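Visitor: Please see the structure below; I have some questions.
The values are calculated or read from the model by the stated rules, or taken from the named source; none is laboratory data. Note that the structure is predicted; figures quoted are calculated from it, not measured. Ideal geometry is used to build each Cβ from the backbone, glycine not excepted, and the neighbour counts take in all protein chains shown. Heavy atoms of the whole protein, side chains included, go into the accessibility calculation; ligands, DNA and RNA do not. Shrake-Rupley method; radii C 1.70, N 1.55, O 1.52, S 1.80 Å.
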Amino acid sequence: MSNAQAVNPDADLNATPEALGFAIVQKGKPIRPSLADGYWTYQLKSAPFVMASRHAEMVTCTAEADHGFVRGDAEIPVPCVSGSHTGATGRDSSWLFVADATERDGSNNLLASETGAKVDKNGLRYTVNTLLMQRSGWDIPLSQYRGTLYVYFWIDLDGSRSADDSEIGEVVLQIGKN
């Protein structure tokens, strides 16, 4: 992704995750989201899970509170999936950056072959084992996490490197609450 990518801050976030090619898999089984309080919500166990897409790249921004799709101040609004927010991960990565409930400008995650995702003709699969809490710097294994995460994601469906309304979604992950 280019740091100069354009993102529409007025995106319609009501598209279903499946329509965008987004999926969550845990213990080898697809998890079906339900619509709750206006969010597509996935109920997960406190265990590793896979974020998947039918496409080769996906950008996610994850937080413990819904800070909205657009971050930054009123003068310079910046969509959370913008390249200017992208954190660095390695080829063997299996964690997600997570902004805490008070931190509005956390890093996002580029999920691609360069950053630990497995990519083949069926799309990408990124296994999440650990959450990197940005403010504290703590790595929390999913086996120890109980809570709610808000995830905005962008999947570049048309290869334009510019997000439009039909390429952006938001989901909630309820982890360890079932």
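Visitor: If you go through the range 149-178 one residue at a time, how many are surrounded by 13 or more Cβ atoms within 10 Å (Cβ to Cβ) and part of a loop (DSSP other than H, G, I, E, B)?
Guide: Residues that pass the stated criteria total 6.
Visitor: Return the total of residues in the range 24-57 being assigned to a loop (DSSP other than H, G, I, E, B) and more than 15 Å from residue 95 (Cα to Cα).
Guide: 11
Visitor: Okay, next question. Could you tell me which numbered condition residue 93 fails, if it satisfies all but one of (1) touching a helix residue (DSSP H, G or I) at 6+ places or on another chain (Cβ under 7 Å); (2) assigned to a loop (DSSP other than H, G, I, E, B); (3) modelled with pLDDT of 80 or more?
Guide: (3)
Visitor: Could you run through the range 152-167 and say how many residues are modelled with pLDDT of 85 or more and either among the small types (Gly, Ala, Ser) or closer than 27 Å to residue 102 by Cβ (or both)?
Guide: So the answer is 3.
For every residue, the table says whether it meets (1) within 15 Å of residue 173 (Cβ to Cβ); (2) at pLDDT below 70.
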position	(1), (2)
69	no, no
74	no, yes
98	yes, no
112	no, no
136	no, no
150	yes, no
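Visitor: Sticking with this structure for a sec: Quick one: is residue 24 at pLDDT 75 or above and either surrounded by fewer than 19 Cβ atoms within 10 Å (Cβ to Cβ) or among the charged types (D, E, K, R) (or both)?
Guide: Here the answer is no, as residue 24 does not meet what is asked.
Visitor: Here is a follow-up. What's the number of the only condition in (1) within 22 Å of residue 168 (Cβ to Cβ); (2) aliphatic (A, V, I, L, M); (3) at pLDDT 80 or above; (4) surrounded by 17 or more Cβ atoms within 10 Å (Cβ to Cβ) that residue 81 fails to meet?
Guide: (3)
Visitor: Could you give every pair whose Cβ atoms fall below 9 Å, whose first residue belongs to the range 21-34 and is over 12 Å from residue 127 (Cβ atoms) and in contact (Cβ under 8 Å) with a residue 60 or more places away in the chain, and whose second residue is among the β-branched types (Val, Ile, Thr) and open to solvent by 40 Å² or more (accessible area, probe 1.4 Å), counting only separations of at least 6 or pairs across chains?
Guide: Listed pairs, sorted by first residue: 22/16; 33/16.
Visitor: Given the conditions (1) within 24 Å of residue 129 (Cβ to Cβ); (2) modelled with pLDDT of 90 or more, which single one is not true for residue 34?
Guide: Residue 34 satisfies all of (1) within 24 Å of residue 129 (Cβ to Cβ); (2) modelled with pLDDT of 90 or more except (1).
Visitor: May I pose another question? Consider only pairs whose beta carbons are under 8 Å apart and that are at least six residues apart or on different chains; among these, list those whose first residue lies in the range 121-148 and is exposed (fewer than 15 other Cβ atoms within 10 Å of the Cβ) and whose second residue is in a loop (DSSP other than H, G, I, E, B) and not polar (S, T, N, Q).
Guide: 122/54; 135/100; 135/103; 136/100; 143/47; 146/176; 146/177
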